[in-house]
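The values are calculated or read from the model by the stated rules, or taken from the named source; none is laboratory data. Keep in mind that what you see is a predicted model, and the values were worked out from it rather than measured. Because the Cβ atoms are built from the backbone with ideal geometry, glycine has one as well, and the counts that use them run over all protein chains shown. To get the accessible areas, we keep the full protein, side chains included, count just its heavy atoms, and leave off ligands, DNA and RNA. Shrake-Rupley method; radii C 1.70, N 1.55, O 1.52, S 1.80 Å.
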Amino acid sequence: NYNIEVGLENPEDKEEIKDFLRLCYIFNLPLNILTNKNIDNLINKAKQEAKGISYESFTLNINKKIEGIKVGFSINSKLNENNFKDFYNKNKIKKIILVFGNEKFGLTQELRDKLDYSFRLTKETKKPLRASHALAYVLGLIN
């Protein structure tokens, strides 16, 4: 088991939420949705479509203050995935929050400013990964 939580900032559509619900459920990771908007309707639609998830045993927080080492991902980050692996191996006993922005806009500047670390994933510099793909990629790096 990991000492990891996942944060998704300002999700824009149910598909994005559904993908995060599935990945977090499969890997037994709490999901924190961070938003200023009322997206209960989107979340409920995503839950309906993400069949097979037992929400009694799954942690889904909406707008809970996230506490721990906040780690974000951006194609503009100076540190790369090898740096991430080193960071993770040194800090895996601590609580780590993996924070992802939405598909359209990524992380807000406000949240970026609160990150403790930011890493670039893959060698690609033009097209970023979709947020859920980035989460899957990071979980692969951890394992």
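Think of the chain as having a plus end and a minus end, set by charges on the Cβ of Lys, Arg, Asp and Glu; of Leu21, Pro11, His133, His133 sits farthest toward the positive end of this dipole. Angle of helix 40-49 to the longest C-alpha principal axis of the chain, folded into 0 to 90 degrees and rounded to 10: 90°.
Our helix-only sum for the chain, with -39,500 (n - 2.57) per DSSP H run of n ≥ 4 divided by its residues, gives a mean residue ellipticity at 222 nm of -11000 deg cm²/dmol.
Between Ile33, Ile75, Ile17, the Gaussian network model of the chain with springs among Cα atoms under 10 angstrom shows the greatest mean-square fluctuation at Ile75. Solvent-accessible surface of the range 76-143, averaged per residue with a 1.4 angstrom probe and all protein chains in place: 63 square angstrom. Placing +1 on the Cβ of every Lys and Arg and -1 on the Cβ of every Asp and Glu, with no other charges, gives the chain a dipole of roughly 300 debye about its Cα centre. Beta bridges from DSSP with both residues in the chain: antiparallel share about 5 percent, rounded to the nearest 5. Helix 81-91 and the long axis of the chain differ in direction by around 80°, with both axes built from C-alpha atoms.
Counting charges near Lys18 (Lys, Arg +1; Asp, Glu -1) among other residues having Cβ under 11 Å from its Cβ returns a value of 0. Along the axis of the charge dipole computed for the range 66-141 (Cβ charges of +1 for Lys and Arg, -1 for Asp and Glu, origin at the Cα centre), the listed residues Ile66, Asn82, Phe105 are led at the positive end by Asn82.
The apolar share of the surface of the range 1-86, taken as the fraction of accessible area on carbon and sulfur atoms (1.4 Å probe, ligands and nucleic acids excluded), comes to 44 percent.
Rounded to the nearest 10 degrees, what's the angle between the helix 131-142 long axis and the longest principal axis of the chain, both from Cα atoms, 0 to 90? For helix 131-142, the angle is close to 50 degrees.
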